[in-house]
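Following: one structure in structure tokens, then a few remarks.
The values are calculated or read from the model by the stated rules, or taken from the named source; none is laboratory data. Just so we're clear, the structure is a prediction, and the values are computed from it rather than from any experiment. No Cβ is skipped: glycine too gets one built from the backbone with ideal geometry, and neighbour counts run over all protein chains shown. Protein only, heavy atoms only, side chains kept; ligands, DNA and RNA dropped before computing areas. Shrake-Rupley method; radii C 1.70, N 1.55, O 1.52, S 1.80 Å.
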Amino acid sequence: MSPAIHDPACVTALAEALQHDAPFSATELGGLLSLTVVGARSLDGLQACVGLTHLRIIGSELDGLAVCGAMPALAHLEVIATCIGSLEGASSCAELARVDLLYTSLTSAADLLALKALRCGAVFGNPWDDQSWLDLRAAAEAGLLIDLPAEFDWKTTRQLWEGHGLCWGPIADMMPMVVRPGLPELTSNAYDALALAFIRHELNQPDFGVGKLFEEYAGLIACPDMSERTSYRTLGRIADVRGWIAGSSLRDDDKADLSRFAGRFPTVTFYRLSQARLDIEASHDAYALPDWFLELRRTLDGWLPRPPFIPVRFGDSAHGSLSGRAFYLAQYGHGADEEAALVAAGFVNIGLAVDDPRIFLAIQLNGGDRCIYVYDVLDAGRAVHERRDPTPCFTPVADSYFELLDRVVALLPQGKDPILAVEL
């Protein structure tokens, strides 16, 4: 006998998953492994989907997740652009290891952090209360692989939610979104959203309103695949990193250097980027990064929290211009003319000195030269202005990026004690 499922969105979701219209048998429902529900007001009846391992909820308005209590195999839960009272009901899912909460109305993280099997997830664009924000940060620092927004993004979402029922922020450093959780009312999409990088100015206007915002920025209405965005960045601890390195196509000596670097920071959460994410970045660049650097980023791209970037400090064994100094290891933009000239000369920056905003690190775009260079952007800019070759402004400081990492003796998180490298 077919269970009673009355919500049209749930019926549609089941019809798509089972590839036929209702009615659905209990056997069919029990055999489903994955389900995506869009635009639901109730999940009643989905208790029959006892075999689900993955449940995705988009653009819905729900009281809670009581139905999940009947899904003992549920391992991955996604709640996206949804108004929801709580995660109560999911707490009994003993296999629930990953939870992604993106632009929801949730203000308490208590149910999330109470999940016994929770290992990883992404929680962007949620208006957490103060205690929940502190608890999430503490859990991340203790080793939970949960991708968090910057504090500024969280505070902006809190302000938007409390005043206007909106959420805001990027996922894994992608284009920020303004999202109105719940059933769509302002667009014809699965949920109401704008690809809007900045919101503070609009928020401070005396006549700010949600409808007005969507009218003014109608050209930025968007409905991206949020699940895909969470896949752009994968978090991992040292055991994960060693697996990433072993499975990469890096040279054996590079693998050894990279493994040694990560192993010297056993309490740190690292991340790598997907090829899809790198493809997006490449589509905006006027140059192609060398293959070895792209493979590095697919293997290990950085460490958390981010943003802001955590700078590194080099030890005395580093080149004299780096010894004892701190650098951000990330790409920072120059002026258009300077950047174009540097690219024309075959260089792109990959780091910035903490103590001097003129000093940068660079690699050559020619993949055959893997050296790391240091340069003064004013000297390079002067050479460009005077129509001289800027190449003499670049001084090699390491034979490779991997050797450079091997010279790191500390990570320097903002407002906290340095994370010192351990001896191996």
| Accessible area of region 290-424 belonging to carbon and sulfur atoms, whole % at 1.4 Å probe | 51
| note | Where a ≥ b ≥ c are root eigenvalues of the Cα gyration tensor, a/c under 1.5 meaning rounded, otherwise prolate if a/b exceeds b/c and oblate otherwise, region 271-391 counts as oblate
| query | For Lys155, what accessible area in Å² do you get when you roll a 1.4 Å probe over the heavy atoms of the protein chains, rounding to the nearest 10? | reply | 100
| field | the chain: Rg to Rh, with Rh as the Kirkwood radius over Cα pairs | value | 1.02
| message | Less than 20 Å apart at the alpha-carbon level, and either on another chain or at least 8 residues along: which aspartates and glutamates does that give for Lys212? | response | Glu162, Glu185, Asp192, Glu202
| request: Please calculate the 1.4 Å probe accessible area of Arg382, with all protein chains present, and give it to the nearest 10 Å². | output: 110
| field | FRET E, pair Asn204, Asp130, Förster distance 35 Å, beta-carbon r, rounded to 0.05 | value | 0.95
| Kirkwood hydrodynamic radius (C-alpha pairs) into Stokes-Einstein, region 269-337, 4 °C and 1.567 mPa s, D in µm²/s | 92
| query | Rank Glu386, Glu16 by accessible area, highest first, at a 1.4 Å probe radius? | reply | Glu16, Glu386
| What Rg and what Dmax come out for region 207-273 when only alpha-carbon atoms are used, in angstroms? | 20.4, 60
| request: Quote to one decimal, in nm, the extra length available between Asp44 and His164 on full extension: 0.36 nm per residue of separation minus the C-alpha distance between them. | output: 40.3 nm
| query | Under 5 Å between amide H atoms, partner at least 5 residues away or on a different chain: which partners does Leu115 have, H built in plane at 1.01 Å? | reply | none
| Expressed in whole Å with the largest first, what are the equivalent ellipsoid semi-axes of region 345-424 derived from the C-alpha gyration tensor as the square root of 5 times each eigenvalue? | 28, 17, 8
| said: Just to confirm, what accessible area per residue do you get for the chain at 1.4 Å probe, in whole Å²? | reply: 44
| request: For region 364-408, report the translational diffusion coefficient in µm²/s to the nearest whole number, using Stokes-Einstein at 10 °C, 1.306 mPa s, and a Kirkwood Rh over Cα pairs. | output: 137
| message | I'd like the carbon and sulfur percentage of the solvent accessible area for region 76-119, probe radius 1.4 Å, heavy atoms only, ligands and nucleic acids excluded. | response | 50
| field | Pair Glu295, Tyr217: separation of 7 Å Cα→Cβ label points (nm) | value | 4.1
